[in-house]
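All remarks here apply to the structure that follows.
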Amino acid sequence: MLRELLDAFGAVLIEGPKWCGKTTTAEQAAKSVIRLQDTDMREEYLSTAMSKPSLLLRGDTPRLIDEWQDAPVLWDAVRTMVDKRVVPGQFILTGSNAVDKSKIHNSGNGRIARMSMLPMSLWESKESTGEVSLRQLFDNPDYEIDGCRSKMSIEDLIFAACRGGWPATLLSRSPKSQLLIARNYVRTVCREDISRIDGKQRNEKLTMLILRSYARNISTLAKKTNMLADVVSSGDVECSMDTFSDYVSALERLFVIQDIDAWCPAIRSKTVVRSSPKRGFCDPSIAVALMGLNPESLSVQLKTFGFIFEQMCVRDLRAYTQGLYSHVSYYHDRYGLEADFVLHLEDGRYALIECKLGSGEIEDGASHLLEIKNLIREYNKQEKQMPIREPDLLIILTGGQMAYTRPDGVKIIPLGCLKD
């Protein structure tokens, strides 16, 4: 994706959470690099950026500007230089937090492309067999999945969720050390990043309490008022709704919190369909670390792991459809009818997806997906002018080991055999 975008645009911005591999990825394509957080040169770089930012843009192209948000003026400097040179592939920008739009004067539209990164999927960490291609499922109606297998047991999935998709775990020398990465990530966010993002001093303990409340409500539609009450009752810190929202906004800009919006088609009354965001993180290991869990404790708390498994599913779905410019939502109404995820592609195609850890839940999940599809059909019989597209795929992602297609068309796919 990076190479393709560099062929089309003057610059590419890679965004995503810390430690997910943005810089390492960018270095594969860059011909020169400037690191704004280099402790030996940081003050020199920032002073130059304030006086004459164009000097920092000199060098072989593509030129990587790592953690560019430390000097937001570089955004407009890059845009100006791209206009002058009129050649694609000039710059790569990386950043671990979204910059306040008031600090830049131009959106960079048409000049600076945006590319999101996530921690590694199971396919990228070489744990998924990759026997089922999500892209092929959409593109090829005759694509055969029956008999494709995952090599991951429930215990393997639990460990993968606890460890997370952090590239640093590939360098760890033992399984125990791999589990330390996510815990250290959470501490760093609470102690440093939450205040560093915009220079506004925030409370480490309050940040931890808010994140823990999010973790306890992971994959649910918990309201902010309920989470605020949870935070206030959990510690001896004061917190208003405005403060709570400010902290959540900062954590979203750090790409730590990644909620999922509701899909609200017209098949039900607006008062029936839930519209609250579904709570989530960029990686399941964050929730595990915040709740103080480990593979041993989760192995006897499979109900809790079901919520965490859902987070691993959405992380991988986002990764596998990155090149299709997808987005993910969910459907839930007050009658209990739901789809854990609705995976939307840019061209309008979409899949209704349920996440079911065990085989005993598959029948219930399939009935939900089929009922939503039938509701859309019934709506379209009455609404001729603006019909709603029927889902292109009905999928249940499982923790099982064999993929197959049911007679009703619902596809049962282990997460451990999926790829892009």
Neighbours of R212 by Cβ distance under 11 Å: Lys/Arg at +1, Asp/Glu at -1, summed charge +1
Cleavage-rule hits (chymotrypsin sites (Phe, Trp or Tyr not before Pro)) in region 245-328: DSSP loop, at most 16 neighbouring Cβ within 10 angstrom: Y325
Place +1 on the Cβ of every Lys and Arg and -1 on the Cβ of every Asp and Glu in region 179-227, take the dipole about the Cα centre, and give the residue among T220, S195, Y185 whose Cα lies farthest towards its positive end. T220
How many angstrom lie between the Cα centre of region 333-402 and the Cα centre of region 227-275? 25 Å
Please state the charge dipole magnitude for region 189-323, taken about the Cα centre, from unit charges on C-beta atoms (+1 on K and R, -1 on D and E), reported in debye and rounded to the nearest 20. 460 debye
Can you check what the net charge comes to around L254, using other residues whose Cβ is under 12 Å from the Cβ of L254 (Lys, Arg +1; Asp, Glu -1)? -1
In percent, how large is the relative contact order of the chain, given Cα pairs closer than 8 Å and 6 or more residues apart? 17 percent
Given an 8 Å cut-off on Cα distances and at least 6 residues of separation, report the relative contact order of region 66-193 as a percent. 19 percent
Roughly how big is region 79-195's charge dipole about its Cα centre, with Cβ charges of +1 (Lys, Arg) and -1 (Asp, Glu), in debye to the nearest 20? 860 debye
When the accessible area of the chain is split by element with a 1.4 Å probe, what percent falls to carbon and sulfur? 48 percent
Give the accessible surface of region 254-362 per residue, rounded to a whole number of Å², with probe radius 1.4 Å and ligands, DNA and RNA excluded. 36 Å²
With L137 itself left out, Lys, Arg at +1 and Asp, Glu at -1 over residues whose Cβ is under 9 Å from its Cβ give 0
Quick calc, region 34-84, dipole around Cα centre from Cβ unit charges on Lys, Arg (+) and Asp, Glu (-), nearest 20 debye, gives 260 debye
Relative contact order of region 208-316, please, whole-number percent, based on alpha carbon pairs below 8 angstrom and at least 6 residues apart. 34 percent
Rank F305, T321, H332 by how far each Cα sits towards the positive end of the charge dipole of region 252-358 (+1 on Lys, Arg Cβ; -1 on Asp, Glu Cβ) and give me just the farthest. H332
Restricting to DSSP H runs of at least four residues, report the calculated mean residue ellipticity at 222 nm for the chain, -39500 (n - 2.57) per run over all residues, nearest 500 deg cm²/dmol. -11000 deg cm²/dmol
Coil-residue trypsin sites (Lys or Arg not before Pro) of region 199-238, DSSP, other Cβ within 10 Å capped at 14: K200, K223
Quick one: grab the alpha carbon gyration tensor of region 317-391, order the square roots of its eigenvalues as a ≥ b ≥ c, and give me rounded if a/c is under 1.5, else prolate or oblate depending on whether a/b is larger than b/c. oblate
For the chain, which DSSP H helices look membrane-span-like by this rule: Cα extent along the axis of 20 Å or more and mean Kyte-Doolittle of at least -0.5? 302-320
Looking at region 51-86, which trypsin sites (Lys or Arg not before Pro) are DSSP coil and have at most 15 other C-beta atoms within 10 Å of their C-beta? R58
Rounded if a/c is under 1.5, else prolate if a/b beats b/c, else oblate: with a ≥ b ≥ c from the C-alpha gyration tensor eigenvalues square-rooted, which is region 1-107? rounded
A student applying the Cα gyration tensor rule (rounded when a/c is under 1.5; otherwise prolate if a/b is larger than b/c, oblate if not) would label region 109-161 oblate
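The values are calculated or read from the model by the stated rules, or taken from the named source; none is laboratory data. This structure is a prediction, so every number in the text was calculated from the model and none was measured. Glycine gets a Cβ as well: all are built from the backbone with ideal geometry, and neighbour counts include every protein chain shown. Surface accessibility is based on the protein's heavy atoms, side chains included, excluding ligands, DNA and RNA. Shrake-Rupley method; radii C 1.70, N 1.55, O 1.52, S 1.80 Å.
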